[in-house]
Amino acid sequence: MIDLGVNVDHVATIRQARMTYEPDPVTAAGIADLGGADIITIHLREDRRHIQDRDLELLSGTIFTKLNLEMATSQEIVEIALKAKPNQITLVPEKREEITTEGGLSVTSHKRLLTDLVKKFKDNNIYVSLFIDPDKEQIIASSEVGAQSIELHTGSYANAETKEQSARLLDVLKEGVRIAQDVGLGVNAGHGLTYKNTGPIVEQLDIEEIHIGHSIISRAVFVGIECAVREMKELIYKHYMIKQNL
Ligand code: PXP
């Protein structure tokens, strides 16, 4: 099966809109766990626009499935991550002016820095994934810097405007998975995935984890977090069974 990572940043975004204590992303993570989330993901951004240091500290001590910390390569965040010891980190590029993570990480242009960082995390028993575009050079560079996994950026696929475009971008992702597996990387996928466009990803990509935030939390506003997570788990299961011809 494919594991589902649920990103609870948006719960913290609502809390920060009023600079108050509710809704609490830590509670959200517990309820997502009840709904069947295999992984809880948070992004501790340098500007702390949603997740706060306190959230990471509490989640590190209370998530017994798997905690995946998305983070940039800044020294401050690296030190916090090494102390918090999440199960996995996913390195992402970060720009202050962006609404959400835009492109993938350029591994080719930061090879030295990434090699050192990946080693540091691995030495501390933290599994390292790199969020990258489905680009051959970036995939090969990810393996060269020692990462264990990559998360392929599915944003372009998610934003496709026609069926033809979507099929073509799915093929690009498929080729990305093939190249990554050839060089021994684990492969995850995420960004922009919804209840409508996740099915083909499950059926056609040989991946280990799917990471979804916005769509699940949006549905949770109406049906609750537990139900929204369970519905996505069921959708993944259904398409996984189709893939296996079961
Ligand atoms: N994966 C990564 C690396 C991300 O940065 C994000 C956004 O926080 C996601 C997945 C989830 O994206 P979305 O909120 O569009 O589902």
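Compute a Gaussian network model of the chain, connecting alpha carbons closer than 10 Å, and tell me which residue from Ala220, Ala32, Ala81 fluctuates the most. Result: Ala220 has the largest fluctuation of those listed.
Restricting to DSSP H runs of at least four residues, report the calculated mean residue ellipticity at 222 nm for the chain, -39500 (n - 2.57) per run over all residues, nearest 500 deg cm²/dmol. Result for the chain: -15000 deg cm²/dmol, rounded to the nearest 500.
Between Glu79 and Glu144, the simple label model (points 7 Å from Cα in the Cβ direction) yields a spacing of 3.1 nm.
Annotation for the stretch 19-119: GluC sites (Glu not before Pro) lying in DSSP loop with at most 15 further Cβ atoms inside 10 Å of their Cβ are Glu46, Glu97, Glu98, Glu102. Let a ≥ b ≥ c be the square roots of the eigenvalues of the Cα gyration tensor of the chain; is it rounded (a/c under 1.5), or, if not, prolate (a/b larger than b/c) or oblate? It is oblate, given that a/c is not under 1.5 and a/b is not larger than b/c.
Taking trypsin sites (Lys or Arg not before Pro) across the stretch 182-246, the ones in a DSSP loop with at most 14 further Cβ atoms lying within 10 angstrom of their Cβ are Lys196. Take every Cα pair under 8 Å whose residues are at least 6 apart in sequence, average their separation, divide by the length of the stretch 90-237, and the relative contact order is 17 percent. Take the cross-link list Lys95/Lys233; Lys85/Lys136; Lys163/Lys243; Lys174/Lys238; Lys111/Lys136 and give me the ones stretching past 25 Å between alpha-carbons. Lys95/Lys233; Lys85/Lys136, as the Cα separations exceed 25 Å there.
Loop-located chymotrypsin sites (Phe, Trp or Tyr not before Pro) in the stretch 61-145 (DSSP state other than H, G, I, E, B) with a sparse environment of at most 10 neighbouring Cβ atoms within 10 Å: Phe64.
We did not get these values from a lab; they are worked out from the coordinates using the rules stated. As the structure is a prediction and not an experimental result, all values here were calculated from the model. Because the Cβ atoms are built from the backbone with ideal geometry, glycine has one as well, and the counts that use them run over all protein chains shown.
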